[in-house]
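One structure below.
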Amino acid sequence: DGGITQSPKYLFRKEGQNVTLSCEQNLNHDAMYWYRQDPGQGLRLIYYSQIVNDFQKGDIAEGYSVSREKKESFPLTVTSAQKNPTAFYLCASSRAGGPYNEQFFGPGTRLTVL
Amino acid sequence: SQELEQSPQSLIVQEGKNLTINCTSSKTLYGLYWYKQKYGEGLIFLMMLQKGGEEKSHEKITAKLDEKKQQSSLHITASQPSHAGIYLCGAPDSGGYQKVTFGTGTKLQVIP
């Protein structure tokens with residue numbers, strides 16, 4: 001079955017540590033996205049990538065980094081520079097080439113900073 | 001930047017009752033997505049509306065896009081406990097690329 005996988009489901013990090021969240025898709029989608037979800041704030045875009053080896057900052061990119069070396073993978077690193085990293089992180093993917101291609105979401109990773 | 005406001009923020013209905021959730025945009029809508037989310041899980045795509053006046057249905061859920069009012073409504077008929085969750089609307093950016101702005105969500109509880 002095609003879909004998006006995110007791992008791990010729960011992640012705990014000590015302050016000052018970097019941590020990488022995994023996102024893999026087998027839908028053959030060109031575009032991939034990372035969102036952060038906080039209570040009462042909806043989804044906010046962190047980074048997005050429309051093609052391999054290319055990505056752009058979203059609305060809240062500070063303290064995060066990404067890479068897109070393979071079409072099916074778009075890992076997100078939460079660095080120690082992110083001031084308030086505790087949140088629910090969602091990865092999504094979509095076909096490219098137009099404004100009406102719906103995004104498909106993974107199950108999410110809940111990150112807690114101890 | 002575009003903002004989407006959803007109302008109500010939360011809703012508790014008795015099983016079998018009808019309900020409506022609204023999504024209002026601060027700018028012209030070029031289309032609209034509706035998603036459903038169970039707490040702590042990913043978003044599930046429900047439907048996409050592209051044209052003013054367009055109406056789509058999926059099982060007992062109907063959504064309509066009213067471009068003139070920059071608004072979309074999602075209506076659930078004869079609600080069931082399986083309808084419980086968070087409903088989010090999302091609007092694509094006007095720039096021809098798939099950047100989507102999401103609303104803050106409406107939390108729906110259905111009481112048996």
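Derivation of every value follows stated rules applied to the coordinates shown; laboratory data play no part. None of these values were measured; they are calculated from a predicted model. As a convention, Cβ positions derive from the backbone with ideal geometry for all residues, glycine included, and neighbour counts pool all protein chains shown.
For the protein assembly as shown, rounded, prolate or oblate, judged on the Cα gyration tensor with a ≥ b ≥ c (square roots of eigenvalues), a/c < 1.5 rounded, else prolate if a/b > b/c?
The shape class here is prolate.
Treat every Asp and Glu Cβ in the protein assembly as shown as -1 and every Lys and Arg Cβ as +1, leave all other atoms uncharged, and give the resulting dipole magnitude about the Cα centre to the nearest 20 debye.
Result for the protein assembly as shown is approximately 280 debye, rounded to the nearest 20.
Give, in nm to one decimal, the length gained when the segment between B:Glu55 and B:Gln9 is fully stretched (0.36 nm per residue of separation minus the Cα-Cα distance).
14.3 nm is the gain from fully extending B:Glu55 to B:Gln9.
Lys/Arg Cβ at +1, Asp/Glu Cβ at -1, dipole of chain A taken about the Cα centre: which of A:Ala61, A:Ser49, A:Phe74 is farthest positive-ward?
Final value for the positive-end residue is A:Ala61.
Given a Förster distance of 35 angstrom, what is the FRET efficiency for A:Leu27 paired with B:Asn18, based on the Cβ-Cβ distance and rounded to 0.05?
On the way: r = 35 Å, r/R0 = 0.99.
About 0.50, to the nearest 0.05.
Equivalent ellipsoid semi-axes for chain B, as square roots of 5 times the alpha carbon gyration tensor eigenvalues: give them largest first, rounded to whole Å. Walk me through the numbers on the way to the answer.
On the way: eigenvalues 110, 41, 28 Å².
Each semi-axis is the square root of five times an eigenvalue, giving 23, 14, 12 Å.
Assigning unit charges at the beta carbon (Lys, Arg +1; Asp, Glu -1) and nothing else, what dipole magnitude in debye, to the nearest 20, does chain A show about its Cα centre? Could the numbers behind the result be given before it?
Values: 12 positive and 11 negative charges, 61 e Å.
Result for chain A is approximately 300 debye, rounded to the nearest 20.
At what distance in nm do the modelled label points of B:Ala78 and B:Thr28 sit from each other, each positioned 7 Å from its Cα along Cα→Cβ?
Placing both labels 7 Å beyond Cα along the Cβ direction yields 4.1 nm.
Among the aspartates and glutamates, which have Cα under 12 Å from the Cα of B:Lys51 when same-chain residues fewer than 8 positions away are ignored?
B:Asp66, B:Glu67
Set the bar at 28 Å for Cα to Cα. Now go through A:Lys14/B:Lys99; B:Lys17/B:Lys38; B:Lys27/B:Lys64; B:Lys69/B:Lys99; A:Lys70/B:Lys60; A:Lys71/B:Lys69 and name every pair that lies beyond it.
Going by Cα-Cα distance, A:Lys14/B:Lys99; A:Lys70/B:Lys60; A:Lys71/B:Lys69 fall outside the 28 Å limit.
Given a Förster radius of 22 Å and the C-beta distance between A:Ile51 and A:Tyr100 as r, what FRET efficiency does 1/(1 + (r/R0)^6) yield to the nearest 0.05?
For R0 = 22 Å, the calculated efficiency reads 0.75.
Assuming 0.692 mPa s and 37 °C, estimate D for chain A with Stokes-Einstein, Rh taken as the Kirkwood radius over Cα pairs, in µm²/s.
Values: Rh = 14.1 Å.
For the chosen part, D equals 234 µm²/s.
Report ³J(HN,Hα) in whole Hz for each residue of segment B:9-19, in order, from the Karplus equation J = 6.51 cos²θ - 1.76 cosθ + 1.60 where θ = phi - 60°; Gly and Pro get x.
Along segment B:9-19, the couplings run 6, 8, 8, 10, 10, 7, 3, x, 7, 8, 8 Hz.
Return the FRET efficiency for the residue pair A:Tyr10, B:Gln109: r is the Cβ-Cβ distance, R0 is 25 Å, and the value is rounded to the nearest 0.05.
Computed FRET efficiency for A:Tyr10 and B:Gln109: 0.50.
Would you mind putting A:49-60, A:82-93 in packing order, based on average other-beta-carbon counts within 10 Å, highest first? Before the final figure, lay out each step's value.
Details: A:49-60: 14.8, A:82-93: 20.2.
Sorting A:49-60, A:82-93 by mean packing, highest first, produces A:82-93, A:49-60.
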